[in-house]
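The values are calculated or read from the model by the stated rules, or taken from the named source; none is laboratory data. As the structure is a computational prediction, the values presented were derived from the model and not from experiment. Here the Cβ is made from the backbone with ideal geometry for all residues, glycine too, and neighbour counts use every protein chain on show.
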Amino acid sequence: MKDLRWDRLTVLIVDDNRFIRELLTSVLKTLGVGKVIADVDGAAAIDRLKLSLEDPVSAGIGTVDLIISDWVMPQVDGKLFLRWIRTGPNVPDRFVPIVMISGAADREVVEDARDGGVTEFLAKPFASKTIADRLLMLVNTPRHYVLAAGYFGPDRRRTTVPVAEERRVTMREDIQFIRGPSSEKTLREDVRAIHFDLDDRLREKLGPDARKIPVAFDPVLIQAAEKRIQALVGDYGDWMERYLIAATEAQQTLQTGKGDPDQAIAKINEVAHELRGQGGIFDYPLITDVGKSLYKATKPTGHPPTKDRIKLIGAHIDTIRTVFKNKIVGDGGEVGTALLKEISEAVKRYQ
């Protein structure tokens, strides 16, 4: 469907990691998205969106068709940003689709994002095809919006297929149906929920050819986007060096006892979060796996770090350094298996 007008779309990216912002921008542009704007965190994005109501030129953005936001960010994180979009004051469009991305794609995070009104969730690491698939889901399977007690956002039920036992508390006669993006934010006394039936704005923006179902990307575009990701491998090497330096300095603080141990562990946890989300994108799944384990090992405990915990953290950092320095890509074969086994044994030994 070469006549689809993806170039009419405007996407706002919100992520504190410059490397990920650049990666997402590159992929979206390659897929044909016309305008991509990026902000460093939720606070900056809120300021930009508020300004867009008064001065779109100064804001550098008018109507936003899609927001892609990270979940873990300083100051205003993805959760707070999502809450502002869906329920806050001076929001340009509370119905805008939001795709949340995160390396911390644990069940509780995904459920938290869902209950906050997210449209789709994209776990790191990701590939160009998974990004394209999320865009297509927004176009091909749009959901109406729901206002209920304690919730506003896309309908959290993705299917209307009957189930063996009806678990829905709200019946049709208890629902108020509103056509269009109404500003209504309160429920009448006689209803339990409001369903907003919206026009399919994304499909309309893509032009008349988008009325053919389903909308799809040319596989050549997805391949080109994947090549753009691989072209950033060299840049990722630079980022890895920075991550390792930051983690090593924090590790030394723990080993020498000179400095704040809580800050050191928090820094390593931050690095681990980035590694678990990025390694697999560039064919370093071992770094993703070890990063996940290191992330768990550096979660706050409220207690001073023990010698065993410091050894466990060091074992993770040493393994990550080995994988990167020796460019152990893919599963690493026997070497990769041995490294993961060592980490697993270290977890059992020192936890």
(request) Please specify each residue of region 8-39 satisfying the condition of being part of a loop (DSSP other than H, G, I, E, B) and either closer than 15 Å to L82 by Cα or of a type in the set (S, T, N, Q) (or both). (result) D15, N17
(message) Filter region 93-113 down to the residues that are in contact with a Lys or Arg (Cβ under 8 Å, 6 or more places away or on another chain) and crowded, with 17+ Cβ neighbours inside 10 Å and list them by number.
(response) R94, V99, I101, S102, G103, A104, A105, A113
(request) State yes or no: is I20 outside the structural domain of K185 (by TED's automatic domain parsing), under 21 Å from L275 (Cα atoms), out of contact with any Pro (no Cβ under 8 Å at 6 or more places or on another chain) and of a type outside the set (K, R)? (result) yes
(request) Filter region 18-28 down to the residues that are touching a residue at least 60 places away in the same chain (Cβ under 8 Å) and surrounded by fewer than 19 Cβ atoms within 10 Å (Cβ to Cβ), then identify the one that is nearest to S58 (Cα to Cα). (result) E22
(request) Within region 265-320, work out how many residues are among the polar types (S, T, N, Q) and more than 17 Å from A246 (Cα to Cα). (result) 4
(message) From the list G314, G330, exactly one residue is in contact (Cβ under 8 Å) with a residue 24 or more places away in the chain and crowded, with 17+ Cβ neighbours inside 10 Å. Which is it?
(response) G314
(request) For residues that are touching a helix residue (DSSP H, G or I) at 6+ places or on another chain (Cβ under 8 Å) and hydroxyl-bearing (S, T, Y), scanning just region 101-134, find the one that is modelled with the lowest pLDDT. (result) S102
(message) Every residue in region 66-96 that is hydrophobic (A, V, I, L, M, F, W, C) and assigned to a helix (DSSP H, G or I), please.
(response) L80, F81, L82, W84, I85
(message) Can you say whether A297 is hydrophobic (A, V, I, L, M, F, W, C), under 17 Å from the mean Cα position of the chain (by Cα) and surrounded by 14 or more Cβ atoms within 10 Å (Cβ to Cβ), as far as the supplied structure shows?
(response) no
(request) Could you please tell me which pairs satisfy a Cβ distance under 6 Å, a separation of 6+ or placement on different chains, a first residue in region 253-281 that is in the same structural domain as T298 (by TED's automatic domain parsing), and a second residue that is basic (K, R)? (result) R276/K292; G277/K124
(message) Quick check on region 74-82. Is at least one of its residues buried (at least 16 other Cβ atoms within 10 Å of the Cβ), more than 16 Å from the chain's Cα centre (by Cα) and not small (G, A, S)?
(response) no
(message) I'd like to check something: does region 226-249 contain any residue that is in a helix (DSSP H, G or I), within 23 Å of G103 (Cβ to Cβ) and touching a Gly at 6+ places or on another chain (Cβ under 8 Å)?
(response) no
(message) Take the residues in region 124-141 that are within 14 Å of the chain's Cα centre (by Cα) and outside any helix (DSSP H, G or I); name whichever of them is surrounded by the fewest Cβ atoms within 10 Å (Cβ to Cβ).
(response) A127
